[in-house]
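What follows is one structure encoded as structure tokens, with my remarks underneath.
The values are calculated or read from the model by the stated rules, or taken from the named source; none is laboratory data. Predicted model, so just to flag it, every value in this text is computed and none were measured. Cβ atoms come from the backbone with ideal geometry, glycine included; neighbour counts cover every protein chain shown.
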């Protein structure tokens, strides 16, 4: 049978172990927590090899898209990842109308930036909405308001069934349709064969991309993504 001495000694040892464990626990929890870092994405202008691949001729949905002569476009309008200037939540689309940029906000403080063409003064839309519908190789259905201004477009009206999809179609390879409060704003994000328009105010109320860029955007933007369109400038954006 254990003596009182051995019990006391055992209690002391166990108590010491418990105290050591408790101190060790305090020591461990007092250290800064290790938070996994968000995977770093490279930012900055694309390389020449990336540009050649990005804007090369390609086939999509049975349509042959020509190469984009990107050398004739201002380099700031090349698709590229930048430090996010918007402050919006990831997966939000932000249109900076004055600077002719569209951003898709990413986790970790970056955004994919595209050079775009914006609607002419008096036709541009501003506000918030959602991407209600996405369409590959859409038909161009000219709204009645546009037909009233340009009667020659009547053959492409909603009533007439619109223009067949194809590389000459003004909506290009993809279209994303913006709704607000459940109503169609008639405002679109879409491709265009008119690459020379990028960086200008040249379209009637919509945001145009070169077709290779709208194909990329289409893979990044889900249904019901939030979109914010600013008429005021977001300022310049660093890509490094």
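Tabulated data for the structure shown
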{"read-out": "All positions within segment 172-187 that are surrounded by fewer than 23 Cβ atoms within 10 Å (Cβ to Cβ) and either touching a strand residue (DSSP E or B) at 6+ places or on another chain (Cβ under 8 Å) or not in a loop (DSSP other than H, G, I, E, B) (or both)", "value": "177, 179, 180, 183, 184, 185, 186"}
{"read-out": "The lone exception for residue 206 - which of (1) at pLDDT 90 or above; (2) closer than 15 Å to residue 100 by Cα; (3) surrounded by 18 or more Cβ atoms within 10 Å (Cβ to Cβ) it fails", "value": "(1)"}
{"read-out": "Some residue of segment 39-53 being within 26 Å of residue 168 (Cα to Cα) and touching a strand residue (DSSP E or B) at 6+ places or on another chain (Cβ under 6 Å)", "value": "no"}
{"read-out": "Residue match in segment 212-225 (condition: over 17 Å from residue 105 (Cα atoms), touching a helix residue (DSSP H, G or I) at 6+ places or on another chain (Cβ under 8 Å) and in a strand (DSSP E or B))", "value": "no"}
